[in-house]
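Just so it is clear, none of the values below were taken in a lab; they were calculated from the coordinates. None of the values given here were measured: they were computed from a predicted structure. Ideal geometry is used to build each Cβ from the backbone, glycine not excepted, and the neighbour counts take in all protein chains shown.
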Amino acid sequence: MCAQPLLALLLLGAAVAQPWNMGVPSRPVAGFRYGGTNTTEPLIVISQFLDLLCADSKAADVGLTQAIDELGRRVALEYHLFPLPYHRNGFLTSQAAFVVANTSGLAAFTAFKDEFYSGCGGVGCQQRYWNVAANGSAGPLISLPQAQTTAEVRKVAARAAPALTDAEWRHGMSGHGGTAADHATRALWKYGASKAVVGTPATFVNGVAMQPFEACVCGAPDGCMANASVPAPTCVDDVKFWDKAKWISFLKPMLAARRSEL
């Protein structure tokens, strides 16, 4: 999981101690629906909090979306952006995602996400914006001033949403806040914090968190917090590592049970 133990505890404490910072939304909080809008009422709703610059978010997306594609529209997947504060460009890329979606539709958000996960020559554009890339060196764009980084993200947005105009981009990415995209990014982060999200990906099924806190000793580069009271298993059953088959085996019995209730 893209999380740091100390910071995770601080974020959780802030969310619990100051819930009024979230505010009450005027309507239910809806994420970016995978595949666009859907007129069919889903039987199961999966909500995933992600950071476009998180490698674990990228890894978790493959098996989950493949399962959704196979099971059909009775299972809905909604993405909620949760830019991590220790990813320097996390907020900027999340804000850009709102600009893309608000101007070009939900399908454009999926295309924008896919650019960060598998674009830029197939390796994923996220590597260009990482604080530290997989090879131990910083991403090539990490040292750029924010204005130049925003201009680079504009190129990614153009591939995902060709109809996005320069005026729409400038309006949403003003650089000094005050825009609808800026407000939405802040509000959605607070929403995630209010649900005790402290890292990405964080997955909820019908509103219930799946493995919200890692208590295993997995030896991952970013580290799980060691827990001496727990045997030392690997994290192979962590939901973020589930492949298509694992997701389908989990969801099919739930779908059958829901259909029997109707």
Seminar exercise, completed: For A256 and N206, extending 7 Å from Cα along the Cα-Cβ vector and measuring point to point gives, in nm, a value of 1.5
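Take the cross-link list K155/K246; K190/K252; K58/K246; K113/K244; K58/K190; K190/K244 and give me the ones stretching past 28 Å between alpha-carbons. The partial results should precede the final answer.
Numbers: K155/K246 36 Å; K190/K252 32 Å; K58/K246 17 Å; K113/K244 19 Å; K58/K190 22 Å; K190/K244 30 Å.
Those over the limit are K155/K246; K190/K252; K190/K244.
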Seminar exercise, completed: Ordered by fewest other Cβ atoms within 10 Å, a rough proxy for footprinting exposure, F250, F109 read F250, F109
Seminar exercise, completed: Counted neighbours (other Cβ, 10 Å), sorted fewest up, put E41, E115, E70 in the order E41, E70, E115
